[in-house]
Amino acid sequence: MTALAKLTRLLRSSDRQPARPPLGVSPTVEWQVAGRCNYDCTYCIQSRATRVGAPEQASVDAIIGEFARLPGKWEIKMSGGEPFAYRGFVRHLITELVAQTPHDISVLTNFSAPLDILERFCRLTGDRLRITSASLHLEFSELETFLAKARAYRELRTEHNPQSTFVVNSVLVPGKVAQQADVKAQVEADGFCYFPQLMKIKGGVFPYAKHEVRHIEALTGGSHDPRAVNRAPSYQGLMCHAGAWYFVVDQTGRAYSCRTAKRFADKPAEDAITPDDPAYMGSLVDGTFALHSEGGVCPYPICPCTVPANRGIVVRKPDAARGR
């Protein structure tokens, strides 16, 4: 670490970082381990320009080294792109993450990895695997093929990760919402959890036609519970522990207090987050990363991911997101 990096890290860190999270908060990292995805869904919120690249092994090692220094036990939730599309994901990243840290492991995947790779993933993660979020993309996968693999994966988890859970995510694609009733029925008939997600676009949620809104309400039972549906609500003005007990890391090791903060950083230069902005937390690769000493009031009009709400990062009130 350079002298400048050490100084930057010292200035960014705080003696007041508590050793334990507040009651009800589950410390969580979202690691976007690679940009590349082997799918090219028409409704993907990530632009094609950002769905490229894989990390250098040295960067992966540096990031894992920083994770090892996090206080206590965290959940490392990995996504992309597609994490399994990174050739070193299981062979190196998972092996080293398990060996060098005490943290739990979750993964968000399009579930396209071959079953033998998934078997090795299950075996390596063992009792550390927490959640597998498998995204169903009907543009690239047949439902029955997907479910057949899910059933085989359940057998692998029963053997290696019996404490883990499995969720089937499905984006409610405009023009195709009605077919999701059958998808939900088949997913649940196989004993899996079905988790619908409203389609996100730049600036918010897609403006569905009225007849599709009716389908969405029927499909979700009108629920706004982030454990049951991702409506990408706003928690603006509510207390949030992002930056202190939750953060997002990209494939280069740059850290941001949340996904929306990172999106602002990905905008053109005149709107981008600058290195001295509190939403940017430094780099886990160059040694400038530091946790915030505490959270703050959410400044953003959208929370595109349910992880902060479901891990207690957002201090929610009853129906806090409804109508926003």
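Here are the numbers for the structure shown:
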quantity	calculated
Residue satisfying condition, being surrounded by 15 or more Cβ atoms within 10 Å (Cβ to Cβ) and modelled with pLDDT under 95, within set Ala320, Ala242	Ala320
Single condition Pro83 does not satisfy, out of (1) touching a helix residue (DSSP H, G or I) at 6+ places or on another chain (Cβ under 6 Å); (2) without any contact (Cβ under 8 Å) to a residue 24 or more places away in the chain	(2)
Residues that are part of a helix (DSSP H, G or I) and aromatic (Phe, Trp, Tyr), drawn from segment 63-104	Phe67, Phe84, Phe89
Neighbours by Cβ (under 9 Å, 6+ apart or cross-chain): first from segment 41-58, under 21 Å from Phe89 (Cα atoms); second modelled with pLDDT under 80	Thr50/Asp266
Among (1) β-branched (Val, Ile, Thr); (2) over 17 Å from the mean Cα position of the chain (by Cα); (3) in a strand (DSSP E or B) - the single one Val107 does not satisfy	(2)
Residue that is surrounded by the most Cβ atoms within 10 Å (Cβ to Cβ), among those in segment 56-80 that are of a type in the set (Val, Ile, Thr) and touching a helix residue (DSSP H, G or I) at 6+ places or on another chain (Cβ under 6 Å)	Val60
Matching residues in segment 297-315 - criterion: being small (Gly, Ala, Ser) and surrounded by fewer than 20 Cβ atoms within 10 Å (Cβ to Cβ)	Gly312
Qualifying residue in segment 151-173 (condition: over 24 Å from Asp225 (Cβ atoms), in contact with a Phe, Trp or Tyr (Cβ under 6 Å, 6 or more places away or on another chain) and surrounded by 13 or more Cβ atoms within 10 Å (Cβ to Cβ))	no
Qualifying positions in segment 190-227 - under 16 Å from Leu136 (Cα atoms) and small (Gly, Ala, Ser)	Gly191
Sole residue being of a type in the set (A, V, I, L, M), buried (at least 20 other Cβ atoms within 10 Å of the Cβ), in contact with a strand residue (DSSP E or B) (Cβ under 8 Å, 6 or more places away or on another chain) and more than 26 Å from Val52 (Cα to Cα), chosen from Leu129, Leu136	Leu129
Selection within segment 258-292 - part of a loop (DSSP other than H, G, I, E, B), among the polar types (S, T, N, Q) and either within 19 Å of Gln32 (Cα to Cα) or modelled with pLDDT of 60 or more (or both)	Thr288
Which listed residue is modelled with pLDDT of 95 or more, among the small types (Gly, Ala, Ser) and more than 20 Å from the chain's Cα centre (by Cα), from Ala148, Ala134	Ala148
Some residue of segment 191-213 being surrounded by 13 or more Cβ atoms within 10 Å (Cβ to Cβ), in contact with an Asp or Glu (Cβ under 8 Å, 6 or more places away or on another chain) and closer than 17 Å to Ser133 by Cβ	yes
For Val60: the one exception among (1) in contact with a Pro (Cβ under 6 Å, 6 or more places away or on another chain); (2) assigned to a helix (DSSP H, G or I)	(1)
Verdict on Gly53 being among the small types (Gly, Ala, Ser), at pLDDT below 95, within 22 Å of Ala279 (Cα to Cα) and surrounded by 12 or more Cβ atoms within 10 Å (Cβ to Cβ)	no
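The values are calculated or read from the model by the stated rules, or taken from the named source; none is laboratory data. The structure presented is a predicted model; accordingly, all values stated were derived computationally and were not measured. Don't worry about glycine lacking a Cβ; one is built from the backbone with ideal geometry, like all the others, and counts go over all protein chains shown.
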